[in-house]
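Before any comments, here is the structure.
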Amino acid sequence: MNYIILGPPGAGKGTQAKNIAGKFGMVHLSTGDMFREEKESDEVVSKLLSAGQLVPDEIVVNMVKKHLEKDDIIKKGFLLDGFPRTVKQAEELDVVLKSKNIKMEGVLLIDVPFEEAVKRIVGRRICVCGASYHMTLLPPKEDGKCDRCGGKLFQRSDDKENVVRERFAVYERQTKPLIEYYEKSDTLIYINGLKDEKDVFAQISSCIANGL
Ligand code: AP5
C-alpha cells in the first residue's frame, strides 16, 4: 500500500504519518525530516528551511528517488509526507512510479485553516529524539524537558510566526495546485484536520483499511 499525505503546514501530516505507518507497517518518508537532518551539513538547505522556502525540485526529487530504489521500502509500502509539494514534483513522481510499476492507492488531504495551523505550530517544541510537544495543548511534564529522554526542548527555526506566514503563502502558491492535479486522477481523499488527533487517525485508518 502506498499513500501520499498532503496538507498545509501544521495540518498534522507528520503526527498522523508516524502513527499510520506504524499501524499498517508502511515506511514513513518525510522530506521535511530528511532536510532537517541535512540542515546541519548543508548551508543552502538550512537557509531555505529557515526562510520557509521550498528546496529546489531537482534536489527533492533525486532524494526521494534514492529511497524508492530500496527494495524493502517498496515491499512494505510507503507513506510520503511533505512530498510532492509542487506540480513538477508530482509529475516526476508519476514517471518514477510508472517506470517501477508501483501503484499509489490514494492522496490523503488533511486540511486546517491558517489560524489553527499558526496556533499549533507557534507553540510546538521538539526534541532531538523526535518527540513533539505543544506549550499549552500538549506540554511536557517538566517545563522545557522531554518526557521521553530528558533532552532539552527547542523550537524549529521555521516555527516562528513570520516564517509560518511565509510557509503558508508558499503552500497556497506552490502546493495547492496539487489538489486539482490529484482530483483529476480521482485519487484525492479529504480528511477533516480540525478534529482531534485520535479522530483524524480514525478517519485515515478507515480509508486505508477500506482500500480507498
Ligand atoms: P515539513 O517538515 O514537511 O513542514 P510542513 O509541511 O510545513 O509541516 P509541519 O511539520 O509544520 O506540519 P505537519 O502538517 O507535519 O503537522 P505536525 O504533525 O507536525 O517541511 C519543512 C520544510 O522542508 C519546508 O518548508 C521546505 O523548506 C522543506 N521541504 C520539505 N519537503 C519539501 C519538498 N517536497 N519540496 C521542497 N521543499 C521541501 O503537527 C503540527 C503541530 O500540531 C504539532 O505540535 C502537533 O502536536 C499538533 N497537532 C497535530 N495534529 C493535531 C490535531 N488534530 N489537533 C491539535 N493539534 C494537533
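Looking only at strands (runs of 3 or more DSSP E) that lie completely in segment 1-89, which have at least 3 residues being hydrophobic (A, V, I, L, M, F, W, C) and either open to solvent by 50 Å² or more (accessible area, probe 1.4 Å) or away from the ligand (no atom under 11 Å from the Cβ) (or both)?
Fully inside segment 1-89 and qualifying: nothing.
Can you list the helices (runs of 4 or more DSSP H) lying wholly within segment 120-212 that have 1 or more residues being more than 9 Å from the ligand (Cβ to nearest atom) and more than 25 Å from Ala21 (Cα to Cα)?
Passing ranges, in order: 161-170, 177-184.
Quick one: which of Leu93, Leu97 is outside any strand (DSSP E or B) and touching a Pro at 6+ places or on another chain (Cβ under 7 Å)?
Leu93
Filter segment 169-203 down to the residues that are β-branched (Val, Ile, Thr) and either touching a Cys at 6+ places or on another chain (Cβ under 9 Å) or under 22 Å from Val118 (Cβ atoms) (or both), then identify the one that is surrounded by the fewest Cβ atoms within 10 Å (Cβ to Cβ).
So the residue we want is Ile179.
Counting just the residues of segment 151-168 that are surrounded by 19 or more Cβ atoms within 10 Å (Cβ to Cβ) and in contact with a strand residue (DSSP E or B) (Cβ under 8 Å, 6 or more places away or on another chain), which one comes out farthest from Asp33 (Cα to Cα)?
Leu153
If I filter segment 98-110 for residues that are β-branched (Val, Ile, Thr), modelled with pLDDT of 95 or more, within 18 Å of Glu37 (Cβ to Cβ) and within 15 Å of the ligand (Cβ to nearest atom), do I get at least one hit?
No, the conditions are met nowhere in segment 98-110.
Does any residue of segment 159-176 turn out to be at positive phi and acidic (Asp, Glu)?
No, segment 159-176 contains no residue that is at positive phi and acidic (Asp, Glu).
Select, from Asn162, Asn101, the only residue that is closer than 28 Å to Cys207 by Cα, out of contact with any helix residue (DSSP H, G or I) (no Cβ under 6 Å at 6 or more places or on another chain) and polar (S, T, N, Q).
None of the others qualify; the one that does is Asn101.
Please specify each residue of segment 170-202 satisfying the condition of being free of Cβ contacts under 8 Å to residues at least 24 places away in the same chain and more than 19 Å from Glu91 (Cα to Cα).
Within segment 170-202, Lys195, Asp196, Lys198, Asp199, Ala202 qualify.
Checking the conditions here, which among Ile102, Ile110 is aliphatic (A, V, I, L, M) and either crowded, with 20+ Cβ neighbours inside 10 Å or closer than 22 Å to Leu194 by Cα (or both)?
Every option except Ile110 fails the conditions.
The values are calculated or read from the model by the stated rules, or taken from the named source; none is laboratory data. Worth saying up front: this structure is predicted, and the values here are computed from it rather than measured. Heads up, the Cβs are rebuilt from the backbone with ideal geometry, glycines too, and the neighbour counts pull from every protein chain shown. When the accessible area is computed, the model is the full protein with side chains, heavy atoms only, and any ligands, DNA or RNA have been set aside. Shrake-Rupley method; radii C 1.70, N 1.55, O 1.52, S 1.80 Å.
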